[in-house]
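The values are calculated or read from the model by the stated rules, or taken from the named source; none is laboratory data. Please read these numbers as outputs of a predicted model, since none were measured by experiment. Glycine also receives a Cβ, built like all others from the backbone with ideal geometry; neighbour counts cover every protein chain displayed. For accessibility, only protein heavy atoms count, side chains too; no ligands or nucleic acids. Shrake-Rupley method; radii C 1.70, N 1.55, O 1.52, S 1.80 Å.
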Amino acid sequence: MDTQEGTDVIPADGLSRQELAAPARCRVVSGVLSRVGDKWSVLVVMLLSHGPKRFSELKRGVGSISQRMLTLTLRGLERDGLVTRTVTPTIPPRVDYALTPLGHSLREPVEALGDWALRHHGSIEASRQDYDRRAGRDDEPSAAGT
């Protein structure tokens, strides 16, 4: 969101920064981000963005996730209306997971975040190494800095 130069208003919806930072809005955003911002949910959404998948396909696609964590992630995404779970009564039962329209609407921002992370990974890693190097030398704050 770009702000208009010299103003404190966001053009898209006319809300001031103060209104956007209101505690109630922060709680709403925090609640949504807790679901869509965790690494497993992001990976599952990206895998399902290409079409429905069975549990085993998702597990293979994500890789290092445990069966329990994948189950919890899928339940959370289903609860939030981002994923549907369809059981086909066969032997053994077939269970497919797919994104809902709401889940598909998450694809673009998730891809944008992933692209940003890939573009800036090198800079972030360099900053981490620089910070760690400085922190290792300066374990205690100097008397002059306090």
Can you name the residue in the range 90-137 that is outside any helix (DSSP H, G or I) and free of Cβ contacts under 8 Å to residues at least 40 places away in the same chain and, of all such residues, is nearest to Arg75 (Cα to Cα)? Thr100
Does Arg79 satisfy the condition of being within 25 Å of Glu108 (Cβ to Cβ), modelled with pLDDT under 85 and either open to solvent by 80 Å² or more (accessible area, probe 1.4 Å) or charged (D, E, K, R) (or both)? no
Report, ordered by the first and then the second residue, all pairs with beta carbons closer than 9 Å, sequence separation of six or more or different chains, a first member in the range 30-44 that is modelled with pLDDT under 85, and a second member that is among the aliphatic types (A, V, I, L, M) and surrounded by 15 or more Cβ atoms within 10 Å (Cβ to Cβ). Arg35/Leu77; Arg35/Leu82; Val36/Val42; Val36/Val45; Val36/Leu77; Val36/Leu82; Val36/Leu106; Val36/Val110
Tell me, which residue of the range 96-140 that is among the acidic types (Asp, Glu) and surrounded by 11 or more Cβ atoms within 10 Å (Cβ to Cβ) is nearest to Arg54 (Cα to Cα)? Asp96
